[in-house]
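None of the figures in this text is laboratory data; all of them are computed from the coordinates on show. None of these values were measured; they are calculated from a predicted model. Neighbour counts are summed over all protein chains in view; Cβ atoms, including those assigned to glycine, are modelled from backbone coordinates with ideal geometry.
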Amino acid sequence: MPKLLLPIMAVVAMIALIYWLGGRGFGRAQSQAWIDRVRNRPRVHAWLERHHSHIRASAHYFEFGGLFLILYWLWDVALGGGLFRFRILPVIVIAPICALAAHLDELHQLRNGGRQYRREDFIHSCRGIALAAGIVLLQHGIRRLGGTL
């Protein structure tokens, strides 16, 4: 049981982070206000303005790709032997759970003033989940090529 404690704590922490980031203080207007604070540094401000939407999209990749990786780690420690091998069945189970979490996050944002459900954000979250599954597959393949599995 102690070896499960760390992945369980990581899952709880990631869910709390996702919930917190889905709150009122992290909308587009709030991040724009943060960018406007560096208006006196024209190059930095112009770069942040140009990449504002990309930065916000990357948060979705991080949140839900990270959630996928942590849930996969939990599965691996509990049932997978602890070698972090790619297995399709847990991917088929964990990916929809993460997509559901992304959908619920967008619904949570609807309930906060000034936030909205954005289909593009949900799609970014799903791409992050797919990317995380690809990372698990890639690292497994690289380790097999190296003869460590």
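What's the magnitude of the charge dipole for region 2-145 around its Cα centre, counting Lys and Arg as +1 and Asp and Glu as -1 at the beta-carbon? Answer in Debye, nearest 20.
340 debye
Quote to one decimal, in nm, the extra length available between R24 and S53 on full extension: 0.36 nm per residue of separation minus the C-alpha distance between them.
Here the answer is 8.7 nm.
Using Cα springs under 10 Å in a Gaussian network model of the chain, which residue among L89, L74, L100 shows the largest mean-square fluctuation?
Result for the chain, Cα springs under 10 Å: L89 fluctuates most.
If I model a spin label at I88 and Y117 as a point 7 Å from the Cα along the Cα→Cβ vector, what separation in nanometres do I get?
In this crude label model, I88 to Y117 measures out at 3.2 nm.
What list of ³J(HN,Hα) values in whole Hz, one per residue of region 20-31 in order, does the Karplus curve 6.51 cos²θ - 1.76 cosθ + 1.60 (θ = phi - 60°) give from phi, with Gly and Pro shown as x?
3J(HN,Hα) across region 20-31, in whole Hz: 5, 5, x, x, 5, x, 10, x, 4, 5, 5, 5.
Between R43 and R127, what FRET efficiency follows from the Cβ-Cβ distance if R0 is 30 Å, with the result rounded to 0.05?
0.50
What does the chain give for Rg and for Dmax, in Å, if only its C-alpha atoms count?
17.9, 54
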